[in-house]
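Let me begin by presenting the structure, written as structure tokens, before commenting on it.
What follows draws every value from the coordinates through simple rules; no lab data is involved. It should be emphasised that the depicted structure is a prediction, and the values quoted were computed from it without experimental measurement. Cβ placement follows ideal geometry from the backbone for every residue including glycine, while neighbour counts extend to all protein chains displayed.
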Amino acid sequence: MNNRLIFLGPPGAGKGTQAQLLANYLDIPHISTGEILRQAIADNTDLGIKAQKYVDGGELVPDDLILDLIKERLGQSDAQKGWILDGFPRNVAQASFLDNLLDEINQSCDYVVNLDVSDEVIVNRLLLRGRKDDSEETIRRRLQVYQEQTAPVIDYYRNYGKLNSVNGDRLPEEVTISLQEIFNSND
Ligand code: AMP
């Protein structure tokens, strides 16, 4: 079984859409830490209350909140047949935590996909999307946080030889086909 996948890419790369399509295709859960946080904020849970100011400001939520959440989620029964992580790991400390966690639970990640998208495309897409944290100022901050903290995760996985880069500057349907090809060629 090769159904454990990490999706990387800047905000607005189309990660969420593509991860969901691929999760349906492979019949495994799509685990988006951003979605989990937005739901927690909407439900006003402890996690949501603690996370809100970071999400609204375009900052990363502190690692301790996220790490517990991932550990719990990967332990659930539906995650035993595989998973797609979208929005995690978001910095090198999270990537290294994930390595240790996977060792502990006898799993390993099979693929890391980086969706490559140019800056102009990103800003245009985010402005069109209109989520609450998609104001121009927050977008700018999220891109900065991405460059500083998340982009180094790409090199982290490149060193493992697991990194697959996919050009995300294309029609969504074309990106989906490229992603499916990665899976079908490695089966
Ligand atoms: P996303 O939906 O992945 O764009 O995430 C939306 C927001 O949720 C981010 O701007 C962060 O504030 C927060 N977030 C999502 N995933 C993480 C993570 N792995 N670590 C820290 N913060 C996160």
Selected residue (criterion: nearest to the ligand (Cβ to nearest atom)) from residues of the stretch 14-63 that are of a type in the set (V, I, T) and over 16 Å from the mean Cα position of the chain (by Cα): I41
Evaluation of E59 against (1) more than 29 Å from N184 (Cβ to Cβ); (2) in a helix (DSSP H, G or I); (3) out of contact with any Phe, Trp or Tyr (no Cβ under 9 Å at 6 or more places or on another chain) (one fails), failing number: (2)
Yes/no for V153 being among the hydrophobic types (A, V, I, L, M, F, W, C), out of contact with any helix residue (DSSP H, G or I) (no Cβ under 7 Å at 6 or more places or on another chain) and in a helix (DSSP H, G or I): no
Residue tally, condition without any contact (Cβ under 8 Å) to a residue 24 or more places away in the chain and among the charged types (D, E, K, R), over the stretch 118-136: 4
Some residue of the stretch 108-119 being charged (D, E, K, R), buried (at least 18 other Cβ atoms within 10 Å of the Cβ) and either part of a helix (DSSP H, G or I) or more than 13 Å from the ligand (Cβ to nearest atom) (or both): no
Any hit, the stretch 19-39, residues being touching a Pro at 6+ places or on another chain (Cβ under 7 Å), assigned to a helix (DSSP H, G or I), at negative phi and not acidic (D, E): yes
